[in-house]
Amino acid sequence: MTTSPDHVGSREDLAAFIRSLRRSHAEKGSSWENTDLPSFLEALAAWIDDADGWYGNTRRELPPGSDWTFFARALQAATVYE
């Protein structure tokens, strides 16, 4: 089970990480800053806008091969996928 974004190295790891987030929300979602979908998506968009700053503040490099299209398609597909 992948519980850290630092251990995501494949599509399967990403799916496992997302499932771990879902379990975390089910168990202690009330402790999350963004407890509902609209606030979660807004925070996600804000973080993506500021990703350069976060990576700089944590002394990490923004991954050069980020596949933003894959992530966008995954988010959109989840609106209709069963």
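All of the numbers you see were taken from the coordinates with simple rules; none came from a lab. All values derive from a computational prediction rather than experimental measurement. Please note: Cβ atoms are built from the backbone with ideal geometry, for glycine as well, and neighbour counts cover all protein chains shown.
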Q) How big is the equivalent ellipsoid of the chain along its three axes, where each semi-axis is √(5λ) from the Cα gyration tensor, reported in whole Å from largest to smallest? A) 21, 17, 15
(Q) Helix-only estimate, please: 222 nm mean residue ellipticity of the chain, summing -39500 (n - 2.57) across DSSP H runs of length 4 or more and dividing by its residues, to the nearest 500. (A) -18000 deg cm²/dmol
Q) Tell me, what HN-Hα J-couplings in whole Hz come from the Karplus equation 6.51 cos²θ - 1.76 cosθ + 1.60 at θ = phi - 60° for each residue of segment 17-24, using x for Gly and Pro? A) 5, 4, 5, 5, 5, 4, 5, 4
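Can you bin segment 36-82 into rounded, prolate or oblate? Criterion: square roots of the alpha carbon gyration tensor eigenvalues sorted a ≥ b ≥ c, rounded for a/c under 1.5, prolate for a/b above b/c, oblate for the rest. Working shown, then result.
Numbers: a/c = 3.84, a/b = 1.58, b/c = 2.43.
In terms of gyration-tensor shape, oblate.
Which residues make up the longest stretch of the chain clear of trypsin sites (Lys or Arg not before Pro) that lie in a DSSP loop with no more than 12 other Cβ atoms within 10 Å, not counting the sites?
The longest uninterrupted stretch comes out as 1-58.
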Q.
Name the residue from Ala43, Gly53, His25 whose Cα lies farthest towards the positive end of the charge dipole of the chain, charges +1 on Cβ of Lys and Arg and -1 on Cβ of Asp and Glu.
A. His25
